Amino acid sequence: MVIAVASDHGGFELKNKVREHLRKRGIKVVDLGTDSEESVDYPIYGKACAEAVASGKADLGVVCCGTGIGISIAANKVKGIRCGLCTSVEMAELTKKHNNANMIALGGRTTDPELAMKIVDKWLDTEFEGGRHQRRVDMLDEM
Ligand code: RB5
């Protein structure tokens, strides 16, 4: 499994922590930047990560900005992407079970790193439920 990660400056520190956490889990990680705390535009990084997932270069993606909001909006504009903004472990579980989220977004300024790692783990360790949720996911993918 390959997971792509990306962030703007607001999510830079958290993105690096997520990258190292994933590597410790034995997962291959592709880091698409940003590479410093210098101010950059989150749509560029959300798009890059989403395109890596949509094209199959990565299986899943994690994006971070200050709140996770802007970068999740950017990622969700790419066809085939279902990026769930998660601020709790329950949201991480439900965005996999119900939305089959192939990306999650986290807020570097709003979510404690310890909680963020629990969110990442819950998302990775939860299975999509399928059934009625498959129909809804298909509807999303057709938009
Ligand atoms: C950057 O200052 C900030 O706007 C960005 O990281 C993010 O929070 C946008 O949604």
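The values are calculated or read from the model by the stated rules, or taken from the named source; none is laboratory data. Source: prediction; values computed, not measured. With ideal geometry, Cβ positions are generated from the backbone for all residues, glycine too; neighbour counts draw on all protein chains shown. Heads up: the accessible areas ignore ligands, DNA and RNA and are worked out on the full protein's heavy atoms, side chains in. Shrake-Rupley method; radii C 1.70, N 1.55, O 1.52, S 1.80 Å.
Count, please, the residues in the range 63-83 that happen to be buried (at least 23 other Cβ atoms within 10 Å of the Cβ), within 15 Å of the ligand (Cβ to nearest atom) and under 11 Å from the mean Cα position of the chain (by Cα).
Qualifying residue count for the region: 8.
Give me the pairs: first residue in the range 50-61 and touching a residue at least 24 places away in the same chain (Cβ under 8 Å), second residue among the aromatic types (Phe, Trp, Tyr), beta-carbon distance under 9 Å, and six or more apart or on different chains, which are they?
These pairs meet every condition: Leu60/Trp123.
With respect to the numbered conditions (1) within 14 Å of the ligand (Cβ to nearest atom); (2) of a type outside the set (S, T, N, Q); (3) open to solvent by 50 Å² or more (accessible area, probe 1.4 Å); (4) in contact with an Asp or Glu (Cβ under 7 Å, 6 or more places away or on another chain), which one is the sole condition not fulfilled by Glu37?
Condition (4) is where Glu37 drops out.
For the structure I just gave you, tell me whether Gly11 is in contact with a helix residue (DSSP H, G or I) (Cβ under 9 Å, 6 or more places away or on another chain), within 16 Å of the ligand (Cβ to nearest atom), open to solvent by less than 10 Å² (accessible area, probe 1.4 Å) and within 20 Å of Thr87 (Cα to Cα).
yes
Residue-by-condition table, conditions (1) among the hydrophobic types (A, V, I, L, M, F, W, C); (2) in contact with a Leu (Cβ under 8 Å, 6 or more places away or on another chain); (3) buried (at least 23 other Cβ atoms within 10 Å of the Cβ); (4) closer than 28 Å to Phe12 by Cβ:
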site	(1), (2), (3), (4)
Val89	yes, yes, no, yes
Leu94	yes, no, no, yes
Asn102	no, yes, no, yes
Leu106	yes, yes, yes, yes
Asp112	no, no, no, yes
Lys118	no, no, no, yes
Gly131	no, no, no, no
Arg136	no, no, no, no
Met143	yes, no, no, no
